[in-house]
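Notes follow once the structure below has been shown.
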Amino acid sequence: MADLVRKRNEELARILHQLGWSPERLAREVSAVLPAGLAISATAPYKWRDRGMVPRAPHDQTVCEVLGRAVGIAVTYEQLWGRMGSGRGAKILSPRLLTDPWTADTAQTALREAGADAAPVRLTDLFRGDELEQAARHWASPPPEVTGGAGALRIAPEQLADLRLSYESKRRLERAYGGGLILDLAKAELAMVGKLLELGAYDEKLGRELYGAAGRLARLVGWANYDMGNDAAAQRAFVAALRAAHVSGDPRLGVGVVGCLAVQATYNSGGRGLDAVAMLSTALRAADEVLTPRERALQLGRIARAHGRKGEQISAEAVAERAFQALDGVDDHAHERADLAGMVGEMHLFLGDFERAQRMLGEAVAALPAERARTRALLMVRLAEACRRTGEREEAARIADEARLLAAGMQSARVARALRAFDAAAREEVPLAG
């Protein structure tokens, strides 16, 4: 009955107005990319725009994709339909994803789901914080026996080397152009690695390395989903990555995945009631002896930023200092320092110390290389907000315009959302939401 309540979808109306599209045009564009049996009527978009109705899958996600391509920047489910209150659609893919035994077999199941081209997972499907914290504790326990490995496909170290190269290339593309560009490719490759685990012939050592490769790919799928605003799908991929990291016996990979969950929880609804500081601090303590200084600095920076989001200034500044100290004496760490400066700048922005935020964010933007364009664009928007909050409105507008130019065509909902929030704050002179 909620769909019968007249509730105009202002975001859909705004995008259609920006494109100069009528609802009939939207209906034609959506029908053109779907199989004939799924075509929609010319009047359906009027109901979405004027009455707040939410289309069922796959039409809901298809509308986002069609509008995203037309606008030139990602349009997400949360942005378009999240406030309309439908509550319909796909629910939890596997309700036991967190509670199933942490074995190699269940890791394969989780990886298979993360790589599947399934129906969209909605914001209502987010795990609770206590559920995620329980999963985050499992990866540090002793790894289980590697089962399988008796299939017909002989796996050799050369295949693992190829998987590593493929992963690194997708990771570089994601950092430059956004998660939307590589999401489908990464999911397809994860599905392929899942097949190798299922059908391959490998010994225990090679099997654990193969699970590590699968875990890194699942983490990339999760990060790309998060970058596109698909929070629940991102969580499931991260949990699959945790399960694979557990089987691989690689605690460094496990800490990295927990760090991704903590970033998600710091900025939005990634985990209802999840305490990002507590979860990542526990993970860091469990693996502190095996982390490199660069890895330790990255995770400490994430913890400092999460403290800042909670308004805990003393703790935030103490952890930030530890993060910079972790890089002392490390050669060739300019990029790591730039990442850390960006996180600490965001921390100060959360705490309302806009002048220090401006300095740190300016340092980060200046030092990040061109191949880190997505992060650079995001931090430029944060820097523009810091300038706006210190009264330098012309400088803020200039930096935001540079970020907008850099982000043109970029498939990153996070950057698009940050730009929209900055523009709204600049118009209304209200604080920028995280």
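The values are calculated or read from the model by the stated rules, or taken from the named source; none is laboratory data. Remember, it's a predicted structure, so these values are computed and weren't measured experimentally. Cβ sites come from the backbone with ideal geometry, for glycine too, and all protein chains shown count toward neighbours.
Among the numbered criteria (1) surrounded by 24 or more Cβ atoms within 10 Å (Cβ to Cβ); (2) at positive phi, which one does Gly352 miss?
(1)
Listed here are the residues, each with its yes/no results for (1) modelled with pLDDT of 95 or more; (2) over 23 Å from the mean Cα position of the chain (by Cα).
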{"position": "Gly270", "(1), (2)": "no, no"}
{"position": "Glu289", "(1), (2)": "no, yes"}
{"position": "Thr292", "(1), (2)": "no, yes"}
{"position": "Arg302", "(1), (2)": "yes, no"}
{"position": "Arg309", "(1), (2)": "no, no"}
{"position": "Phe324", "(1), (2)": "yes, yes"}
{"position": "His335", "(1), (2)": "no, no"}
{"position": "Val344", "(1), (2)": "yes, no"}
{"position": "Met347", "(1), (2)": "yes, no"}
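Taking Leu284 and the conditions (1) in contact (Cβ under 8 Å) with a residue 40 or more places away in the chain; (2) in contact with a Lys or Arg (Cβ under 9 Å, 6 or more places away or on another chain), which numbered condition does it fall short on, given that it satisfies the others?
Failed condition: (1).
Identify the residue in the stretch 141-197 that is of a type in the set (S, T, N, Q) and under 22 Å from Ala234 (Cβ atoms) and, among all such residues, is surrounded by the fewest Cβ atoms within 10 Å (Cβ to Cβ).
My answer is Ser169.
In the list Arg376, Arg414, which residue meets the criterion of being part of a helix (DSSP H, G or I), within 20 Å of Leu181 (Cβ to Cβ) and modelled with pLDDT of 95 or more?
On inspection, the qualifying residue turns out to be Arg376.
Of the residues that make up the stretch 298-314, is at least one touching a strand residue (DSSP E or B) at 6+ places or on another chain (Cβ under 9 Å), of a type outside the set (Phe, Trp, Tyr) and surrounded by 24 or more Cβ atoms within 10 Å (Cβ to Cβ)?
There is no residue in the stretch 298-314 that is touching a strand residue (DSSP E or B) at 6+ places or on another chain (Cβ under 9 Å), of a type outside the set (Phe, Trp, Tyr) and surrounded by 24 or more Cβ atoms within 10 Å (Cβ to Cβ).
Given the criterion in contact with a helix residue (DSSP H, G or I) (Cβ under 6 Å, 6 or more places away or on another chain) and at pLDDT below 95, identify the matching residue among Val365, Val330, Val381.
Val330
For the stretch 354-393, which residues satisfy the criterion of being in contact (Cβ under 8 Å) with a residue 60 or more places away in the chain and among the acidic types (Asp, Glu)?
Hit for the stretch 354-393 is Glu371, nothing else.
Could you list all residues from the stretch 133-171 that are free of Cβ contacts under 8 Å to residues at least 24 places away in the same chain and either in contact with a helix residue (DSSP H, G or I) (Cβ under 7 Å, 6 or more places away or on another chain) or aromatic (Phe, Trp, Tyr) (or both)?
Scanning the stretch 133-171 gives a single hit, Ser166.
Among the listed residues Leu185, Leu153, Leu132, which satisfies the condition of being in the same structural domain as Leu280 (by TED's automatic domain parsing) and modelled with pLDDT of 90 or more?
Leu185
Cβ-Cβ under 7 Å, sequence separation 6+ or interchain: first residue in the stretch 17-46 and touching a residue at least 40 places away in the same chain (Cβ under 8 Å) and under 15 Å from Cys64 (Cα atoms), partner aromatic (Phe, Trp, Tyr) and outside any helix (DSSP H, G or I). Which pairs?
Close Cβ pairs (under 7 Å, with a partner that is aromatic (Phe, Trp, Tyr) and outside any helix (DSSP H, G or I)) do not exist here.
So which of Val255, Val247 is within 29 Å of Gly194 (Cβ to Cβ), buried (at least 24 other Cβ atoms within 10 Å of the Cβ) and either touching a Leu at 6+ places or on another chain (Cβ under 7 Å) or of a type in the set (Phe, Trp, Tyr) (or both)?
Val255
Go through (1) out of contact with any helix residue (DSSP H, G or I) (no Cβ under 9 Å at 6 or more places or on another chain); (2) under 16 Å from Leu284 (Cβ atoms); (3) among the charged types (D, E, K, R) and name the single condition Arg305 misses.
Every condition holds for Arg305 apart from (1).
Within the stretch 12-29, restricting attention to residues that are assigned to a helix (DSSP H, G or I) and touching an Asp or Glu at 6+ places or on another chain (Cβ under 9 Å), which residue is farthest from Arg417 (Cα to Cα)? Let's see the steps before the verdict.
First, pick out the residues of the stretch 12-29 that are assigned to a helix (DSSP H, G or I): 12-19, 23-29.
Now restrict to residues that are touching an Asp or Glu at 6+ places or on another chain (Cβ under 9 Å): 13, 23.
Values: Ala13: 17, Pro23: 24 Å.
Checking each candidate, the answer is Pro23.
Mind listing just one residue for me: the one in the stretch 222-240 that is out of contact with any Asp or Glu (no Cβ under 9 Å at 6 or more places or on another chain) and closer than 23 Å to Tyr177 by Cα and, of those, surrounded by the fewest Cβ atoms within 10 Å (Cβ to Cβ)?
Tyr226
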